[in-house]
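Just below is one structure, and these are the notes that go with it.
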């Protein structure tokens, strides 16, 4: 299909030449149908598929929340918020979620956004407090709705939907085959767009066997073999993440951690360091299987095998996204068979058994990065260009020594090559950026 001028301008800003089949179909059907259930694998671009038609429905002169997007996790909320900002539509967008100061929410919602994104618990809390009105809300998105139900948000979701009297459009998305839409969503005649059967990735499955006492040793050997590639190591429990982290730290292997028990600020910083290359490996529970904003993950490792087939699919969906290559390494105890669902899944993909003896122990020679924290952000009218200018001109950095820059509301994160830090900090710390004097420090 042909996108209109507004949509073409958005795609140009995002650096996207064309939409995939799923996105093209969703763009047409969401615009024309009142109820759409979009089923598509993780990594195929569902966020853009529903945001593009939603933006076309928004009214510039209407002050109020026109579209409400509910998500199961904080990370998915901030990811969608960032995509909306990157689209450069001019419509105010905010994300609210647990772990974020309520006072900050109230400041953001004082001037209602056109698009509000959030977790069901925090959105329901705001509705009870009457922080914002739903009188102009015409579109509801339940993104990864099955996960929201799974983590116990049913009561809040029901409360929110009951508080939306003027809904004209409902959009539900999932990457899971087995779905059951609860009655409280009140779908009458939904159109299903099912792209789950399409092979959209080039995933390779590889099994690494180990004896009962060699799990951590084998994992470290595998990670060294992967030589600086970006990947996620999945564990079933927080305690396992902590045990693996302690072992990798003991052997001086840099990594980040990500699980539900962490403070929101710690989780955000872990993802920032992972995105900008400070850490190439992230140890995580299944919280990271959906909705984290990390591009180009080259591998996942199932250090502990998931209990359900859906979680296996979602974990693997973090790599080999959008037709790119990727590998999923399954760590298997030699004397314990794989779950039946996993062996069935493996017949659909190229699969290989890798003896531990074949894994190289070569250490990574990749460029090492550090993350810097800057005490200024969007609220101070500071942009990525402003920060890049400060670090290059006043900090004497070459452009290739400066990595990913992320500008948040009140602060920013900057990736810089590690060997530049010592000379850089005295030159940029306490410097003036726009109208503000900023502090610059290393994120530990």
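We did not get these values from a lab; they are worked out from the coordinates using the rules stated. Everything numeric in this text was worked out from a predicted model, so none of it was measured. Please note: Cβ atoms are built from the backbone with ideal geometry, for glycine as well, and neighbour counts cover all protein chains shown.
The table that follows gives values for the structure above.
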| quantity | calculated |
| --- | --- |
| Relative contact order for region 202-358, counting Cα pairs under 8 Å that sit 6 or more residues apart, in percent | 39 percent |
| Volume per residue that the Cα convex hull of region 230-319 spans, once the total is divided by residue count, Å³ | 86 Å³ |
| Potential extension, residue 441-residue 335 segment - 0.36 nm per residue separation minus Cα distance | 33.3 nm |
| Kirkwood hydrodynamic radius of region 202-358, from inverse mean 1/r over distinct Cα pairs, in Å | 15.6 Å |
| Rg followed by Dmax, in Å, when region 369-442 is reduced to its Cα trace | 10.7, 31 |
| Paired Rg and Dmax values of the chain, which use every Cα atom, in angstrom | 22.5, 66 |
| Sites residue 166 and residue 246, calculated FRET efficiency, Cβ-Cβ separation with R0 51 Å, nearest 0.05 | 0.45 |
| Length gained when the stretch residue 238-residue 353 is fully extended (0.36 nm per residue, less Cα-Cα span) | 38.6 nm |
| Region 369-442, relative contact order [Cα under 8 Å, separation at least 6], % | 44 percent |
| Inter-centroid distance (Cα atoms) of region 386-413 relative to region 72-117, Å | 24 Å |
| Computed label-point distance, nm, for sites residue 6 and residue 150 using a 7 Å Cα→Cβ extension | 3.5 nm |
| Whether region 120-160 is rounded, prolate or oblate, judged on the alpha carbon gyration tensor where a/c under 1.5 counts as rounded | oblate |
| GNM result for the chain, Cα springs below 10 Å: residue of 336, 273, 147 fluctuating most strongly | 336 |
| Histogram of C-alpha separations across region 5-194, 10 Å bin width, % | 9, 40, 39, 12, 0 |
| Ordering of 389-399, 77-87 by packing [mean C-beta count within 10 Å, highest first] | 77-87, 389-399 |
